[in-house]
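Below is one structure, written out as structure tokens; comments come after it.
The values are calculated or read from the model by the stated rules, or taken from the named source; none is laboratory data. Because the structure is predicted, anything quoted here is derived from the model rather than measured. So basically every Cβ, Gly included, is an ideal-geometry build from the backbone, and we count neighbours across all protein chains shown.
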Amino acid sequence: MVSKYRSRRFFACTFACGLWLVVTPARGYDQKVNSATKPVPRAEKWWTDRHQGFVELAKKGNIDVLFVGDSITQAWGREGKKIWTEQYAPLKAANFGISGDQTQHVIWRLREGKELTGINPKVVVLMIGTNNMGRNNSEEIAEGITAIAHELTHQLPQSKILLLGIFPRRPSAGDPARAKIKDVNQRIAKLDDGKHVRYLDIGEKFLESDGTLTKEVMPDFLHLTPKGYKIWADAMLR
């Protein structure tokens, strides 16, 4: 016959072990969610309005070239406007860039936001990820970009995706941000399948021979001047 003392010890041990199993994840189970791949919208009204404008534009169709990205893409409408008007407008191009967007915002725009409904562009130019640099590691950023590329190929199976490497930032070639960008770009370069997705890294074309960035190309060492957009446009033609 089991004593009351031993019964209490058995019950306490069983309860503790059960609790440990509940609060302790199984070995190999990763509780962390990659924020760069989780689709989320932004709350700002101007952002919602711009996104909705893309949805309405897509419904009208007649888009053969689509640019998708953040402020660097959006500024084709400002610093890059002259080149856009001359080279891309005649090609029935549309600019779906939104300042400050991270990969998770673009995933939401394409998936839940339905920005691609009604269009079947011949080419999609994608350049995204720099705004994730302060929040995510290289692997996470690459996974976010990969999710966008997969979303594009899923919804637009007939389109060719031109995936651009993240552009360099910060003035010095030895800045840690440069190494992180290089790591991300090496990861996403593997998405080039020679059929639907083509990877193109034009970062070096913005740099001086010693690897530095100048304000003549990027005044804040991130966003492009009109000269920078000319470099971008020329690089995509080669």
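On the given criteria, is residue 143 among the charged types (D, E, K, R) and in contact with a helix residue (DSSP H, G or I) (Cβ under 8 Å, 6 or more places away or on another chain)? Before the answer, list the steps.
On the way: among the charged types (D, E, K, R): yes; in contact with a helix residue (DSSP H, G or I) (Cβ under 8 Å, 6 or more places away or on another chain): no.
Considered against the rule, which asks whether it is among the charged types (D, E, K, R) and in contact with a helix residue (DSSP H, G or I) (Cβ under 8 Å, 6 or more places away or on another chain), residue 143 comes out as no.
Every residue, every condition in (1) closer than 22 Å to residue 129 by Cβ; (2) surrounded by 11 or more Cβ atoms within 10 Å (Cβ to Cβ); (3) polar (S, T, N, Q); (4) modelled with pLDDT of 95 or more, yes or no:
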position: 16; (1), (2), (3), (4): no, no, no, no
position: 29; (1), (2), (3), (4): no, no, no, no
position: 33; (1), (2), (3), (4): yes, no, no, no
position: 45; (1), (2), (3), (4): no, no, no, yes
position: 53; (1), (2), (3), (4): no, yes, no, yes
position: 65; (1), (2), (3), (4): yes, yes, no, yes
position: 68; (1), (2), (3), (4): yes, yes, no, yes
position: 72; (1), (2), (3), (4): yes, yes, no, yes
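For the stretch 157-187, give me each residue that is within 15 Å of residue 110 (Cα to Cα) and touching a Lys or Arg at 6+ places or on another chain (Cβ under 9 Å).
159, 161
Residues in the stretch 143-156: is at least one more than 14 Å from residue 105 (Cβ to Cβ), within 12 Å of the chain's Cα centre (by Cα) and charged (D, E, K, R)?
Yes, some residue in the stretch 143-156 is more than 14 Å from residue 105 (Cβ to Cβ), within 12 Å of the chain's Cα centre (by Cα) and charged (D, E, K, R).
Taking the conditions exactly as written (at pLDDT 95 or above, within 26 Å of residue 32 (Cα to Cα), surrounded by fewer than 23 Cβ atoms within 10 Å (Cβ to Cβ) and out of contact with any Pro (no Cβ under 8 Å at 6 or more places or on another chain)), does residue 149 satisfy them or not? If you could, list the steps in order and put the result at the bottom.
Numbers: at pLDDT 95 or above: yes; within 26 Å of residue 32 (Cα to Cα): yes; surrounded by fewer than 23 Cβ atoms within 10 Å (Cβ to Cβ): yes; out of contact with any Pro (no Cβ under 8 Å at 6 or more places or on another chain): yes.
Considered against the rule, which asks whether it is at pLDDT 95 or above, within 26 Å of residue 32 (Cα to Cα), surrounded by fewer than 23 Cβ atoms within 10 Å (Cβ to Cβ) and out of contact with any Pro (no Cβ under 8 Å at 6 or more places or on another chain), residue 149 comes out as yes.
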